[in-house]
Amino acid sequence: MAFLMVNLDDPRDCRRGLEMLWRMVQGGRGPGPMGPQRGPRGEMCGGPRPGPGPGGPPWGGPRRGPGPGWMPPAPPAVDDPRDLPLGQKLRLIRRRGMWTHLLAIARLSDAPRSLTEWDEAIGLQPNKMRSLKAIMAKLEKRLGLSLLVPAAGADPDAAGNPRYVMPPRVRKKILELAGDE
């Protein structure tokens, strides 16, 4: 038995998985939901097979509608997660373990804090916020989002580290999604 592994957070991977399933349901015939494809040597794959009548089955029988396992093609997915609205971006993050920490940050006052001060404020182990900030940076880059930004005009802490704040728009949306507002 074959297994299909799909990253559900990646729209392109989901679309490729749907195409593979479509081809399996069609028994290797038909172009699939995304149209004809090119094979490894550049030849056209999928599409109608030669037979009597344009686009008809190769054995010449009557053309029938979709079978019992037929699903309509998937709606066009957003290829770039940066194009999603803020609420959908935060819903993607909500499925991760990062959400509890973002929610704790959003529930605190909007006073600027250094990463060490954030550790103390939300009850984390020392230097845990540095790891979380690194994970946040990856998500921020992938989603085109800013979760913690350097505070403008705030003095550095005693060790000389910059202080960060959560942008008000992001804070408000996180609290809305959590039902706190």
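The values are calculated or read from the model by the stated rules, or taken from the named source; none is laboratory data. The structure presented is a predicted model; accordingly, all values stated were derived computationally and were not measured. Cβ sites come from the backbone with ideal geometry, for glycine too, and all protein chains shown count toward neighbours. All accessible areas refer to the heavy atoms of the entire protein, side chains included, with ligands and DNA or RNA removed. Shrake-Rupley method; radii C 1.70, N 1.55, O 1.52, S 1.80 Å.
The numbered conditions (1) at negative phi; (2) open to solvent by less than 70 Å² (accessible area, probe 1.4 Å) are all true for GLY123 except (1). Every listed requirement among (1) among the polar types (S, T, N, Q); (2) surrounded by 13 or more Cβ atoms within 10 Å (Cβ to Cβ); (3) within 22 Å of the chain's Cα centre (by Cα) is met by SER114 save one, (3). With the requirement that a residue be open to solvent by less than 80 Å² (accessible area, probe 1.4 Å), free of Cβ contacts under 8 Å to residues at least 40 places away in the same chain and not in a helix (DSSP H, G or I), what does segment 136-172 give you? Correct list: SER146, VAL149, ALA151, GLY160, PRO167.
The listed residues are LEU124, LEU102, and the only one of them that is in a helix (DSSP H, G or I) and not charged (D, E, K, R) turns out to be LEU102.
Does ARG130 satisfy the condition of being charged (D, E, K, R), open to solvent by 60 Å² or more (accessible area, probe 1.4 Å) and within 26 Å of LEU84 (Cα to Cα)? No; evaluated as a whole, the condition is false for this residue.
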